[in-house]
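Every read-out reported here was derived from the displayed coordinates using simple, explicitly stated rules and does not represent laboratory data. Only a predicted model underlies this, so the values are computations on that prediction, with no experimental measurement involved. Positions of Cβ are backbone-derived with ideal geometry, glycine not excepted, and every protein chain shown enters the neighbour counts.
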Amino acid sequence: MKLGVTNPILAGNIRGSYNASAIANTDWNDLSSSDFLDSTTGSAVAAGLRFAYIAFINKGTGIAYAKYRARIIAGDPTTNEIPIDYSIEDDVGTLQTPVSTIAYKKNTAGDTFYVLAGFTS
């Protein structure tokens with residue numbers, strides 16, 4: 001870090017989006033790279049990629065939740081999980097543990113909810 005400059009945070013070389021609005025439940029739902037559509041090609045993102053960046057956008061009626069691992073069961077508790085009031089974003093590629101599956105839980109089945117992600121190929 002010469003001259004006080006930090007290394008850039010890599011957000012991945014593939015960008016994908018996922019629209020969970022049509023998922024009509026309030027269970028924990030798992031997502032991996034193949035669930036996302038590539039924002040540059042419109043095709044499905046390849047399976048097995050690691051998340052480098054994640055943004056959650058909750059336009060629903062209450063708090064949604066996320067976690068950077070797969071659910072255990074659909075009814076997992078929300079205690080100590082990441083609350084999403086409107087939106088959050090995170091550079092998960094900098095975490096010690098690689099993230100290849102995430103989970104989200106909407107407050108109401110009809111809520112509008114989006115996930116944007118960057119993946120490392």
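One line per residue, one yes/no per condition, for (1) buried (at least 16 other Cβ atoms within 10 Å of the Cβ); (2) touching a residue at least 40 places away in the same chain (Cβ under 8 Å); (3) aliphatic (A, V, I, L, M):
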{"residue": "Tyr68", "(1), (2), (3)": "yes, no, no"}
{"residue": "Thr79", "(1), (2), (3)": "no, no, no"}
{"residue": "Asp85", "(1), (2), (3)": "no, no, no"}
{"residue": "Ile88", "(1), (2), (3)": "no, no, yes"}
{"residue": "Asp91", "(1), (2), (3)": "no, yes, no"}
{"residue": "Thr97", "(1), (2), (3)": "no, no, no"}
{"residue": "Thr101", "(1), (2), (3)": "yes, yes, no"}
{"residue": "Gly110", "(1), (2), (3)": "no, yes, no"}
{"residue": "Gly118", "(1), (2), (3)": "yes, yes, no"}
- request: Report whether or not Ala74 is touching a strand residue (DSSP E or B) at 6+ places or on another chain (Cβ under 9 Å), more than 18 Å from Ala117 (Cβ to Cβ) and surrounded by fewer than 16 Cβ atoms within 10 Å (Cβ to Cβ).
  value: yes
Enumeration of residues in the range 18-31 that are hydroxyl-bearing (Ser, Thr, Tyr), in contact with a Phe, Trp or Tyr (Cβ under 9 Å, 6 or more places away or on another chain) and surrounded by 15 or more Cβ atoms within 10 Å (Cβ to Cβ): Tyr18
- prompt: Which members of the range 49-66 meet the condition of being of a type in the set (Ser, Thr, Tyr) and loosely packed, with under 13 Cβ neighbours inside 10 Å?
  reply: Thr61
The range 66-94, subset among the β-branched types (Val, Ile, Thr) and part of a loop (DSSP other than H, G, I, E, B), residue farthest from Asn19 (Cα to Cα): Thr79
- prompt: Do we find that Thr97 is out of contact with any Ser or Thr (no Cβ under 9 Å at 6 or more places or on another chain) and either part of a loop (DSSP other than H, G, I, E, B) or at negative phi (or both) in this structure?
  reply: yes
message: Tell me which strands (runs of 3 or more DSSP E) are completely within the range 8-65 and hold 2 or more residues being closer than 24 Å to Pro77 by Cβ, or say none if there are none.
response: 29-32, 50-58
